[in-house]
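The values are calculated or read from the model by the stated rules, or taken from the named source; none is laboratory data. These numbers were taken from a predicted model, which means no experiment stands behind them. Don't worry about glycine lacking a Cβ; one is built from the backbone with ideal geometry, like all the others, and counts go over all protein chains shown. Heavy atoms of the whole protein, side chains included, go into the accessibility calculation; ligands, DNA and RNA do not. Shrake-Rupley method; radii C 1.70, N 1.55, O 1.52, S 1.80 Å.
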Amino acid sequence: MIGHIEALPEGAVNNVFFVDDSAVARKKIVEVLERMGIRHRHATNGLEAWTRLSSLASVSNHSGRNLSEEINLILVDAEMPEMDGYVLTRNIKGDPRFQGIPVVMHSSLSSDANRAMACSVGIDAYVPKFDADHLSGTLRPFLNQ
C-alpha cells in the first residue's frame, strides 16, 4: 500500500523512463509516478531499455531537440535479464546524448558493495525498492518543480 504522495506543482512537466523486470515493482513505480503527476515510459529488461533509449536519443538528435526535453530522469533496477542496471547505467553515462539526464538506481540490493558498484558506474542516486515515500523523495530534487 502506498501512502500519501504529494503531486509536483501544477504545470510541472516531467517524463521518467524506468526499467524493471518485476511486474510488482513496475506497478509500484507507476503508482508513485502517477501520484506525483509524472508521465512515464518503461521497459522490462536492460537490453529493451537500452534499445528504446537509444532510439529516443536518435529521434531527438535528428529533430535537433535535446533529449532532456523528452526524458527528465531514468530509473533503473540493478538486477535484470539481458543487461543489468550497472551495464545500462554505464552505457547511458558514456553516451553524450544522455548528458545531464540523471540516473537513479532502484534496487532491492542494499549492501554497501552494491551501492559502491552503482556509484562506480555513475548513478546519481540509489533508492531501496518498495519504499514509495523514499522513492518520491529521491526523485523530487531531480525533476522540474
**Fill in**
With label points set 7 Å from each Cα along the Cα-to-Cβ direction at residue 99 and residue 55, the distance between them in nm comes to 2.6
**Request:** Would you please name the chymotrypsin sites (Phe, Trp or Tyr not before Pro) within the stretch 52-145 that are DSSP coil residues with at most 16 other C-beta atoms within 10 Å of their C-beta?
**Result:** 130
**Asked** When the chain is treated as a GNM, springs tying every alpha-carbon pair under 10 Å, which of 14, 66, 45 comes out with the largest mean-square fluctuation?
**Response** 66
**Request:** Find how many whole Å separate the alpha carbon centroid of the stretch 90-145 from the alpha carbon centroid of the stretch 1-71.
**Result:** 13
**Item:** Whole-percent carbon and sulfur share, accessible surface of the chain, 1.4 Å
**Value:** 50
**Request:** Multiply the residue separation of residue 134 and residue 23 by 0.36 nm, subtract the distance between their alpha-carbon atoms, and state the gained length in nm to one decimal.
**Result:** 38.0 nm
**Complete:** Note to self: with every protein chain in place and a 1.4 Å probe, the chain gives an accessible area per residue in Å² of 50
**Item:** Residues in the stretch 1-39 that a label on residue 79 would reach, taking backbone N under 20 Å of a point 7 Å out along Cα→Cβ
**Value:** 19-29
**Request:** As a check on your grasp of the helix formula, calculate [θ] at 222 nm for the chain: sum -39500 (n - 2.57) over DSSP H runs of n ≥ 4, divide by the residue count, round to the nearest 500.
**Result:** -12500 deg cm²/dmol
**Request:** Please say if the chain is rounded, prolate or oblate, where rounded means a/c under 1.5 for a ≥ b ≥ c the square roots of the C-alpha gyration tensor eigenvalues, and otherwise the choice is prolate for a/b larger than b/c and oblate otherwise?
**Result:** oblate
**Prompt:** Label points 7 Å out from Cα along the Cβ direction at residue 119 and residue 7: separation in nm?
**Reply:** 3.8
